[in-house]
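Let me begin by presenting the structure, written as structure tokens, before commenting on it.
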Amino acid sequence: MIGICIEAGITCPSCESYVHLNALVPSLRCSGCGKDLELSLDVWKTVLEDSLKQAPFLEEGEGSSSTIFGSYNYKVLYGRLAPRYDDTKDDIDIDMLLEKLDEGRVLHPGSGAPTGVRRMPEQYHEAFMGVLALIGEDPSQLPGTPEGLPLETALSGPIAFQCPSCAGSLIVDGASRSADCRFCQTQVHLPDDLWFRLHPVKKEKRWFLLFDEFQRFDLEGNLLSLWGRTEEKQGFWGRMKMWFGSRRRAPHFSDTSDYPVRTRDSDIRLAIGQDGSVYMLSYTMLLRLDCSGKKVYLAELPCNYTTGRPVVNASGEAFVLSHGDHDRIEVLSVSPDGTTVSVAVASTLDGGPVEDGEILALSPEGRFSLLGYCGKWTDAENRLSSPCEGPSTQAATQP
């Protein structure tokens, strides 16, 4: 798990005031004009999606910023950073944070000052898979009721204001940007100096996402522990090892070892075998992990590049759609132990049926289906686990 820090804001389309997004909420009220701003799921995708895609590939402390124009004008800064207690540079222990999610806060071990924590709201689960918790949000922006908090004022009570039309005394509480004069019935717009006395502009606040990069689920959609490993509570040195280990740059796909939790390459296609093995295809490399997360093989395929996802039969034999020299497209087979790569279905250049293809599928009966450009469809018969004819090459494997 990693922390992702967020600093974001939008420009109010009504008054062009800058509104800080200091919490993941469905709406906010602009302090400049008092208008309620709807923050739809699409708005939050604009704010958060890049951070979830890019932060896992950053080193701890690295970040990026962007300005985005759309229904709102956005400014977003994000980075990979362990969650911290409010107004400090002290990191929050992740295990303790997860234990305190239902309590809604964690206390600084020295000062006792609280920092807000909460689980990812249910309405955002599907859009932001892997985000387990929100840390350090601005509590004044969090809704206290389904309707949200009323517009708060910085003063303890109503104040007197002179009507610019009749000089009558108006009592305003800051609930609205306008008030009706009880003497001349004129609707009075509160000037900026008074409005901002009542509603000081909020400062930008850094908050955090706790992001689990690699997740597994059961058939009911319940989150499983990664690789099904149960570990005892770590002692001090175990925590230190995990702490500094999390700050190392994510390994390249070619350096993947047992029980991986992250990888630096982004073009990875995933398949699951009937025994629970995980198959990952990246460019010309195919990785197999058994259901416990232990690496079975990492095979280098004899081709220029691959397309589509790998497919797997009941025996654990994997098949990949490969592209080689002279537009040679063929289906390669990788043995269950990864030691042998052979041609399962040959290219038309070698007398086989494969002329085009971008997506590969395999039926339980052993029939391949290939879909290419312009909807070109190819069917080919193959065996389920018996040796195939065709040139065979040894795969490069890593221990």
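The values are calculated or read from the model by the stated rules, or taken from the named source; none is laboratory data. As the structure is a computational prediction, the values presented were derived from the model and not from experiment. All Cβ positions, glycine included, derive from the backbone under ideal geometry; neighbour counts span all protein chains shown.
Which residues, taken from the stretch 70-87, are within 30 Å of S14 (Cα to Cα) and of a type outside the set (F, W, Y)? Working first, answer last.
Within the stretch 70-87, the subset within 30 Å of S14 (Cα to Cα) is 70-78.
Those that are within 30 Å of S14 (Cα to Cα) and of a type outside the set (F, W, Y): G70, S71, N73, K75, V76, L77.
Test L370 against the stated conditions and say whether it is in contact with a Ser or Thr (Cβ under 7 Å, 6 or more places away or on another chain), in contact (Cβ under 8 Å) with a residue 40 or more places away in the chain and surrounded by 14 or more Cβ atoms within 10 Å (Cβ to Cβ). Show your work before the answer.
Values: in contact with a Ser or Thr (Cβ under 7 Å, 6 or more places away or on another chain): yes; in contact (Cβ under 8 Å) with a residue 40 or more places away in the chain: yes; surrounded by 14 or more Cβ atoms within 10 Å (Cβ to Cβ): yes.
Considered against the rule, which asks whether it is in contact with a Ser or Thr (Cβ under 7 Å, 6 or more places away or on another chain), in contact (Cβ under 8 Å) with a residue 40 or more places away in the chain and surrounded by 14 or more Cβ atoms within 10 Å (Cβ to Cβ), L370 comes out as yes.
Only one residue in D290, D327, D337 is in the same structural domain as G372 (by TED's automatic domain parsing), in contact with a Ser or Thr (Cβ under 6 Å, 6 or more places away or on another chain) and surrounded by fewer than 22 Cβ atoms within 10 Å (Cβ to Cβ). Which one?
Details: D327 fails: in contact with a Ser or Thr (Cβ under 6 Å, 6 or more places away or on another chain); D337 fails: in contact with a Ser or Thr (Cβ under 6 Å, 6 or more places away or on another chain).
Every option except D290 fails the conditions.
Assuming D36 fulfils every condition listed in (1) among the charged types (D, E, K, R); (2) over 19 Å from the mean Cα position of the chain (by Cα); (3) farther than 18 Å from S71 by Cβ apart from one, which condition is it?
Only one criterion is unmet by D36, namely (3).
Starting from residues that are outside any strand (DSSP E or B) and of a type in the set (V, I, T), keep the ones in the stretch 304-357 and report whichever is nearest to C291 (Cα to Cα). Write out each step before concluding.
Within the stretch 304-357, the subset outside any strand (DSSP E or B) is 304, 313-317, 324-328, 335-339, 346, 348-353, 355-357.
From what's left, of a type in the set (V, I, T): 339, 348.
On the way: T339: 19, T348: 37 Å.
Of everything passing the filter in the stretch 304-357, T339 is nearest to C291 (Cα to Cα).
Report yes if A154 is of a type in the set (A, V, I, L, M, F, W, C), at pLDDT 85 or above and either surrounded by 15 or more Cβ atoms within 10 Å (Cβ to Cβ) or in a loop (DSSP other than H, G, I, E, B) (or both), otherwise no.
Spelling it out, it is not the case that A154 is of a type in the set (A, V, I, L, M, F, W, C), at pLDDT 85 or above and either surrounded by 15 or more Cβ atoms within 10 Å (Cβ to Cβ) or in a loop (DSSP other than H, G, I, E, B) (or both).
Taking into account only those residues within the stretch 62-87 that are touching a residue at least 24 places away in the same chain (Cβ under 8 Å) and of a type in the set (S, T, Y), which is surrounded by the most Cβ atoms within 10 Å (Cβ to Cβ)?
Here the answer is Y78.
For residues in the stretch 236-256 being of a type in the set (A, V, I, L, M) and surrounded by 12 or more Cβ atoms within 10 Å (Cβ to Cβ), which is modelled with the highest pLDDT?
A250
What pairs come out if I take residues in the stretch 114-136 that are not assigned by TED's automatic domain parsing to the domain that holds P83 and pair them with residues that are crowded, with 17+ Cβ neighbours inside 10 Å and of a type outside the set (F, W, Y) whose C-beta lies under 6 Å away, six or more apart or interchain?
none
Please go through the stretch 117-132 and give me each residue that is outside any loop (DSSP other than H, G, I, E, B) and under 23 Å from E60 (Cβ atoms), ordered by number.
V117, V131, L132 - these are the residues of the stretch 117-132 that are outside any loop (DSSP other than H, G, I, E, B) and under 23 Å from E60 (Cβ atoms).
Which residue pairs have Cβ atoms under 6 Å apart, sit 6 or more places apart or on different chains, and have a first residue in the stretch 16-44 that is assigned by TED's automatic domain parsing to the domain that holds H125 and a second that is of a type in the set (S, T, Y) and outside any strand (DSSP E or B)?
C30/S17; G32/S17; C33/S14; K35/S14
Please verify whether I10 is in contact with a helix residue (DSSP H, G or I) (Cβ under 7 Å, 6 or more places away or on another chain) and at negative phi, treating the condition exactly as stated.
Numbers: in contact with a helix residue (DSSP H, G or I) (Cβ under 7 Å, 6 or more places away or on another chain): no; at negative phi: yes.
No: the conditions fail for I10.
Take the residues in the stretch 257-277 that are within 16 Å of the chain's Cα centre (by Cα) and surrounded by 12 or more Cβ atoms within 10 Å (Cβ to Cβ), then tell me which one is modelled with the highest pLDDT.
I268
Among (1) assigned to a helix (DSSP H, G or I); (2) touching a residue at least 60 places away in the same chain (Cβ under 8 Å); (3) crowded, with 18+ Cβ neighbours inside 10 Å, which single condition is K53 missing?
Here K53 clears every test but (3).
Looking at S65, is it in contact with a Leu (Cβ under 9 Å, 6 or more places away or on another chain), among the small types (G, A, S) and in a strand (DSSP E or B)?
yes
Name the single residue, out of those in the stretch 278-322 being touching a strand residue (DSSP E or B) at 6+ places or on another chain (Cβ under 9 Å) and at pLDDT below 90, that is nearest to S257 (Cα to Cα).
Only one residue tops the list, namely G293.
G112: assigned to a loop (DSSP other than H, G, I, E, B), modelled with pLDDT of 90 or more, farther than 20 Å from G9 by Cβ and of a type outside the set (S, T, N, Q), yes or no?
Values: assigned to a loop (DSSP other than H, G, I, E, B): yes; modelled with pLDDT of 90 or more: yes; farther than 20 Å from G9 by Cβ: yes; of a type outside the set (S, T, N, Q): yes.
Yes: the conditions hold for G112.
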